[in-house]
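Encoded as structure tokens, the structure appears first; notes follow it.
Just so you know, all these numbers are worked out from the coordinates, no wet-lab data involved. Everything quoted here is computed from the prediction, not taken from an experiment. We place every Cβ from the backbone using ideal geometry, glycine too, and count neighbours over all the protein chains shown.
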Amino acid sequence: MSLFGRWLIVAVGAVVLSACAETRLIVHTAKRVVNVSKPQEKSPPRGTYKIGDPYQIGGAWYYPSVDYDYDETGIASWYGAKFHGRPTANGEIYDMNGLSAAHRTLPLPSIVRVTNLDNGRSLVVRVNDRGPFARGRIVDASRRSAQLLGFERAGTAKVRVQILARESRILAARLNGEVTLADVGTPITVARLPKAPVTSQALEPVPGAKAAPAPKENAADRVAIRPAGVPPPAADAGPSAIVSGDVSVVAVGATELFIQPGAYRHFENANRVRAILAPVGRVKVYQELIGGRDLFRVRVGPLATVEEADKVLDMVIGAGYSDARVVIE
């Protein structure tokens, strides 16, 4: 083969190899483009801290407020599949299998303890939604919460709802971007704390002085800076650490249901309401001393079941006492 022929073969081979390399580069680049353009999974919306303005539903007004002394007894209900996957009132996504609840006036989110007064089961849940709006209900639990508290099948239960003030304060501060210092032994760490500039200068020892030995560090003296009580640092809008699903059982006694149309400072007013509501059922006036002053509570009952309480409540509201509520003693 002539020199020219050999040169031609080498040149053609180089062109082919170059084309193959270019093809591989194009394919590799295309793969990278495809990977980059692939839709990413969306993280669930993160809720915001919210109190909210007064609102009216079904003719009743509700006034959201910060109330770290909240402690109330009443009837709980639960909600499930119909609202599963929908946004809650503060922008989180409702998960009926999570540990959450709806409340008409507490800040969102708050941390509360719900205790079933029928069986003593007690559970900590996160309030992140508004409701319930059925008269005679004070809290709407998620389906999972109702299961753990033992009233999913019954649908309702007599409960006590108590806000966990310290944990709720910490949660509010975190969602509002505030720096919160820690209590000793609490389960979450602060992401960062402001650092002041510090300068130091070595000084000559006093003539004749001896250097003291450096103190030994005691592990028991080291305290992690952790705010008091709730969410893990990376889950501001997710379930807080204290909302663990652990059910405790507390001692509960026998309870009775009443409908309370109102409480009055003067006996004459309370007695007048008692007379008006006498056709509804057994009505009594209960006297209490609160803050050094007499308070007269009008109550209808006791009532045997939640269903009976609902009927009597409707009658009392129909008689003009729109603020009437279910109470448990």
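Things worth noting here:
- Sparse packing (at most 15 other Cβ atoms within 10 Å of the Cβ) combined with a DSSP loop state is found for the following trypsin sites (Lys or Arg not before Pro) in segment 255-329: ARG265, ARG282.
- Dividing the Cα radius of gyration of segment 257-328 by its Kirkwood radius returns 0.97 for Rg/Rh.
- Rounded Å value of the spacing that divides the Cα centres of segment 255-301 and segment 116-171: 27 Å
- Residues ILE51, ILE111 arranged by fewest to most Cβ contacts within 10 Å: ILE51, ILE111
- By average C-beta atoms within 10 angstrom, highest first, the peptides 165-173, 75-83: 165-173, 75-83
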